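Report on the following structure.
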Amino acid sequence: MNFYKCNIFKVAILIFIMSTITFGANFDELFSEGIALRDSNRFAEAVVKFEEAVKAKSKHPDANYNLGYLYYKTGNFEKAIKYYKNSQKFGFDPIKIHHALAQVYQTIGDKQTAILEHYEAIKLAPKNPFVHTVLADLYLEQRSMSLADQEYTNALKLDSMFVPAIVGKANLFKHNREYAEALKLFDKAKAIDSTYAPLYLSLGQLHTENNTFNKAVIDFTKYTELAPSDPEGYKLLAEIYTQFRNYPLAITNSKKAIEKGDTAAGSLRFLGYLYLKAKQPNEAKNVLEQAIARRPDDLNGWVDLGKAYMLIDSGRSAVDAYMKAFTLDSFSVSNYAFDFGIAYYQVSKFDSSVMMFTRKIALDTLAVGAYINRGYAYILLKKYDEAVKDLQKGIKIKPNDVQSHLVLGQIYAFLKDQTKNVSTQQNLLKQAKTEFNTVLKLDPKNKEAKQGLEKLATPVPEFKPENIYQDEQEEDIYNP
């Protein structure tokens, strides 16, 4: 019996040892895989690995800290706080923990608790310039300028060459629009440490505020070189290239920002907007559908999606998208009545198209495109008098518009055969000639105008405008 018990005991010990070895090896593998995923900005996948790692070693401080960080990055702030506090309990660097917790509280809008966390860090290391600088950055973000200045000063008293504090102080001057003083401090920081990435982010923002965009591009590009995994630099470059109307480069940088982890609905919609500006509607549609799936109440997202559908000749889908926007905000969407009108025109709902262009004209009496397109819709509704009036109004606003003169000439040529009054026929013939000749003055090679003149002596069959008029002035400003 004793022999039996002894063997059982030995087997139990052996199983325990083997399971511990296997358990440890499994933890190390999970931890390494989690770090690799984290560094690749694949945060959701990294969460899974670190959850398993923490199950394997529940009191491992680094694993708990990383899991807290990953939950923060994926927006689960309650769990982020939980695992950060766990890591502190199990021996992780308390100063880093206080700063991490402060970041979470700041993000969720609990500014007071965020400040208290920073003060806890200062209690632990009152002579560390870093802890004073981080608190100063928070005060600056909250626009508490005097408190920010006080903490930056404290940091620089402890170390006058501490670059993060110098850059922070420069940002303080920048926020106060004291650009000359800010540039002096940025230059000083660069002389001390030219590899400090946040310096170039702040310097680029200063140049953006001063409309010196070429310099901003240089600084943001430098930032992406020094901090290639941070999406912020790519986002800012995309915004600048958008102002330059260099949409290919804007798209490239916007896509990089998304690849680096910025997968917010707004960022996806911005990329969709850029694809629209670059005349790539299929790419725009794909990205905008993803953005809408994440944020279905985004009015401007639905409007942009409608534009993408129109450009790929999917009029029914465009109408559906615009109607969704209309249900979200019927007042604001009136600003997009021009796009609504085109969408209805494309699906042959000409009465609705007229209604939308009329709404656009009510908002902007000089909207030449709305008059011309409403005229086109009237033609297809066989309301020729109304069509003529609208095209004449469009020409009055934009006298050199070739398409308007051409279609007006075609209407006159058609109408001359619809009346038996000789005087009216002659008058319409004369007006048609005038419009076609005006077209040829503006565009000497216009084949349609030449054909129109040649065929004036023969009956003109009923015609339809071939293309909707889309020369509406678009704003280049992105509406978030």
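The values are calculated or read from the model by the stated rules, or taken from the named source; none is laboratory data. Keep in mind the model is a prediction, meaning the values are calculated, not measured. Note that each Cβ is placed from the backbone with ideal geometry, even for glycine, and that neighbours are counted across all protein chains shown.
Scanning segment 409-426 for residues that are polar (S, T, N, Q) and surrounded by 15 or more Cβ atoms within 10 Å (Cβ to Cβ) yields 410, 425. Taking every residue in segment 380-393 that is in contact (Cβ under 8 Å) with a residue 60 or more places away in the chain and pairing it with any residue that is hydroxyl-bearing (Ser, Thr, Tyr), at least 6 positions away or on another chain, the pairs with Cβ-Cβ distances below 9 Å are 380/345; 380/348; 380/353.
Among the residues of segment 423-461, those that are over 12 Å from residue 410 (Cα atoms), of a type outside the set (Lys, Arg) and assigned to a loop (DSSP other than H, G, I, E, B) comprise 443, 444, 446, 457, 458. Of everything listed in (1) under 22 Å from the mean Cα position of the chain (by Cα); (2) acidic (Asp, Glu); (3) closer than 16 Å to residue 140 by Cβ; (4) modelled with pLDDT of 95 or more, the single unmet condition for residue 209 is (4). Please verify whether residue 365 is touching a Leu at 6+ places or on another chain (Cβ under 8 Å) and not in a helix (DSSP H, G or I), treating the condition exactly as stated. Criteria not met by residue 365.
Among the candidates 41, 26, 76, which residue alone is in contact (Cβ under 8 Å) with a residue 40 or more places away in the chain and surrounded by fewer than 21 Cβ atoms within 10 Å (Cβ to Cβ)? Walk me through how you get there before you give the answer.
Numbers: 26 fails: in contact (Cβ under 8 Å) with a residue 40 or more places away in the chain; 76 fails: in contact (Cβ under 8 Å) with a residue 40 or more places away in the chain.
Step by step, each of 41, 26, 76 is checked, and only 41 is in contact (Cβ under 8 Å) with a residue 40 or more places away in the chain and surrounded by fewer than 21 Cβ atoms within 10 Å (Cβ to Cβ).
With respect to the stated conditions, residue 186 fails to be under 22 Å from residue 274 (Cα atoms), assigned to a helix (DSSP H, G or I) and not polar (S, T, N, Q).
If only one of 254, 229 is outside the structural domain of residue 40 (by TED's automatic domain parsing), among the polar types (S, T, N, Q) and part of a loop (DSSP other than H, G, I, E, B), which one is it? Please lay out each step first, then the result.
Values: 254 fails: part of a loop (DSSP other than H, G, I, E, B).
Just a single option satisfies the conditions, and that option is 229.
Hey, can you tell me all the residues within segment 327-356 that are not in a helix (DSSP H, G or I) and not hydroxyl-bearing (Ser, Thr, Tyr)? Talk me through it step by step, then tell me what you get.
Initially, segment 327-356 is screened for residues not in a helix (DSSP H, G or I), giving 329-331, 347-349.
Once the filter is applied, which keeps residues that are not in a helix (DSSP H, G or I) and not hydroxyl-bearing (Ser, Thr, Tyr), segment 327-356 yields 329, 331, 347, 349.
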